[in-house]
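Novice: Here it is: the structure, laid out below.
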Amino acid sequence: QKEVEQDPGPLSVPEGAIVSLNCTYSNSAFQYFMWYRQYSRKGPELLMYTYSSGNKEDGRFTAQVDKSSKYISLFIRDSQPSDSATYLCAMSAEYNGNQFYFGTGTSLTVIP
Amino acid sequence: DSGVTQTPKHLITATGQRVTLRCSPRSGDLSVYWYQQSLDQGLQFLIQYYNGEERAKGNILERFSAQQFPDLHSELNLSSLELGDSALYFCASDRGPNTGELFFGEGSRLTVL
């Protein structure tokens with residue numbers, strides 16, 4: 001079983017839609033949860049960072065962590081064509097000195 | 001701009017050759033990570049250094065080696081290159097253990113012909 005599972009998509013939505021991206025994980029020790037946006041062949045850009053459980057909002061982006069279900073989500077409100085990219089989730093635990101585990105990424109296209 | 005600098009941005013070479021990729025971490029960051037991303041593949045963790053010492057090793061081939069220097073910049077050496085080594089190589093950095101946030105450079109695109 002992979003440490004982190006992420007549906008690769010592709011996901012295609014109309015402009016203005018609410019997008020929901022998700023990852024599941026198996027290691028209950030994960031404490032740090034991140035979402036990255038990666039445009040084609042560019043470096044992943046850190047979008048959201050959450051420590052432990054709960055929600056975090058930043059503009060049109062909301063990250064949710066449900067540790068009881070081992071499930072994290074990223075919501076994008078009022079999606080824009082510029083949001084078209086691959087979104088990667090990542091997580092790490094405190095015990096192993098920050099070894100990061102990445103999902104394979106979900107490809108998102110926002111259609112104008 | 002993440003603050004992580006990678007050079008060169010693009011590199012084309014032939015099979016059997018050796019190349020060196022360079023990374024400068026963000027100011028104040030002590031850890032450097034190297035990842036490989038092949039076409040349409042996920043990020044594959046290669047190796048991590050913290051303050052000059054190797055800290056973790058992932059799926060790094062024996063033909064590949066890395067080091068982190070006293071000024072904290074890092075180099076990834078790839079030798080006896082094969083066609084399958086063509087990929088994007090990313091460097092990332094963070095403050096150190098248990099800090100959570102990892103920042104990536106723009107990558108070095110290696111093409112082996």
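Novice: Which aspartates and glutamates have a Cα less than 20 Å from the Cα of residue B:57, not counting those fewer than 8 places away in the same chain?
Specialist: By straight Cα distance, residue B:57 reaches A:3, A:94, B:29, B:75, B:85, B:94, B:101.
Novice: Note down the nm distance, to one decimal, between modelled labels 7 Å out along Cα→Cβ at residue A:55 and at residue B:109.
Specialist: 4.0 nm
Novice: Average projected area of the Cα convex hull of the stretch A:1-56, in nm²?
Specialist: If I average the Cα hull's projected area over directions, I get 5.3 nm².
Novice: If you don't mind, there's one more thing I want to ask. Along the three principal axes, how long is the stretch B:53-111 when you take its alpha carbons, biggest first, rounded to the nearest angstrom?
Specialist: Rounded to whole Å, the extents work out to 36, 22, 22 Å.
Novice: Same structure again: May I ask for the equivalent-ellipsoid semi-axes of chain A, computed as the square root of five times each C-alpha gyration tensor eigenvalue and listed largest first in whole Å?
Specialist: Equivalent ellipsoid semi-axes, largest first: 24, 14, 12 Å.
Novice: Okay, moving on. I'd like the FRET efficiency for residue A:11 and residue A:71, computed as 1/(1 + (r/R0)^6) with the beta carbon distance as r and R0 of 22 Å, rounded to 0.05.
Specialist: 0.80
Novice: Under a plain spin-label model, where a point goes 7 Å from the Cα along Cα-to-Cβ, how far apart in nm are residue A:2 and residue B:53?
Specialist: Distance between the two pseudo-spin positions: 3.3 nm.
Novice: Give me the dipole magnitude in Debye, nearest 20, for the stretch B:60-113 about the Cα centre, with unit charges on the beta carbon: positive for Lys and Arg, negative for Asp and Glu.
Specialist: Once rounded to the nearest 20, the dipole reads 40 debye.
Novice: For residue A:42, which lysines qualify as cross-link partners when the Cα separation must be under 23 Å and same-chain residues fewer than eight apart are set aside?
Specialist: The qualifying lysines are B:9.
Novice: List the lysines whose Cα lies under 19 Å from the Cα of residue A:67, skipping any in the same chain that are fewer than 8 positions away.
Specialist: A:2, A:56
Novice: Another question, then. Could you give the nm distance between label points at residue B:65 and residue B:27, where each point is 7 Å from its Cα heading toward the beta carbon?
Specialist: Label-label distance for residue B:65 and residue B:27, simple model: 3.3 nm.
Novice: Let me ask another. Averaged over its residues, how many other protein chain Cβ atoms are within 10 Å of peptide A:101-108's Cβ atoms?
Specialist: Taking the mean over all residues of the peptide, I get 3.
Any read-out appearing in this document is the output of simple, stated calculations on the displayed coordinates, not a laboratory observation. As the structure is a prediction and not an experimental result, all values here were calculated from the model. Ideal geometry is used to build each Cβ from the backbone, glycine not excepted, and the neighbour counts take in all protein chains shown.
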